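One structure is given here, and the rest of the page talks about it.
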Amino acid sequence: MAERAEQAKETAAQKTEETKEYGQQKAGEVKEYGQQKAGEAKEQTQGMTETAKEKASAAGQATQEKAEQAKGGVADALSRAGEAIKGAMEKVTGTDGGQ
């Protein structure tokens, strides 16, 4: 009977060791998988960040171009307004704008 108890104890110890090794193996696999997925997520995030930066830069450039166009349009409108006022003053005063 003592032999059976000793044999059962050894079997239990062996199964415990096998279970421990299996658990460590699976933990290693899960860790590797997690690191892989984290790397993929990081790459994807970096790609999305770069795309967002490019779009923001393009939007900023387009805004700047529109502002320059508007500035040119305002300058042109002011010039025409000045010419119109000058023409109106000539009509009112009967002069030729300072000549």
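None of the figures in this text is laboratory data; all of them are computed from the coordinates on show. Computed from a predicted model, the values in this text were never measured in an experiment. All Cβ positions, glycine included, derive from the backbone under ideal geometry; neighbour counts span all protein chains shown.
What the table shows:
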{"read-out": "Compactness relative to 2.2 N^0.38 Å, alpha carbon Rg of the chain", "value": "3.29"}
{"read-out": "Alpha carbon centroid spacing (whole Å) that separates the stretch 80-96 from the stretch 1-58", "value": "85"}
{"read-out": "Set of lysines with alpha-carbon distance to residue 37 below 25 Å, sequence-local pairs under 8 removed", "value": "26, 53"}
{"read-out": "Largest-first ellipsoid semi-axes for the stretch 60-99, taking √(5λ) over the Cα gyration tensor eigenvalues, angstrom", "value": "35, 7, 4"}
{"read-out": "For the chain, with +1 on Lys and Arg beta carbons and -1 on Asp and Glu, the positive-most of 89, 70, 11 along the dipole", "value": "89"}
{"read-out": "Two-site FRET efficiency, residue 53 against residue 27, from Cβ-Cβ distance with R₀ of 30 Å, rounded to 0.05", "value": "0.20"}
{"read-out": "Selection from 51, 61, 41, by position along the positive dipole direction of the chain (Cβ)", "value": "61"}
{"read-out": "Label-point gap, in nm, between residue 42 and residue 2 - each point 7 angstrom along Cα→Cβ", "value": "6.0"}
{"read-out": "Calculated [θ] (222 nm, deg cm²/dmol) that DSSP helices of n ≥ 4 give over the chain, each run adding -39,500 (n - 2.57)", "value": "-35500 deg cm²/dmol"}
{"read-out": "Between 0 and 90°, nearest 10: helix 2-93 axis offset from the chain longest Cα axis", "value": "0"}
{"read-out": "Debye, to nearest 20: dipole size of the chain, +1 on Lys, Arg Cβ, -1 on Asp, Glu Cβ", "value": "400"}
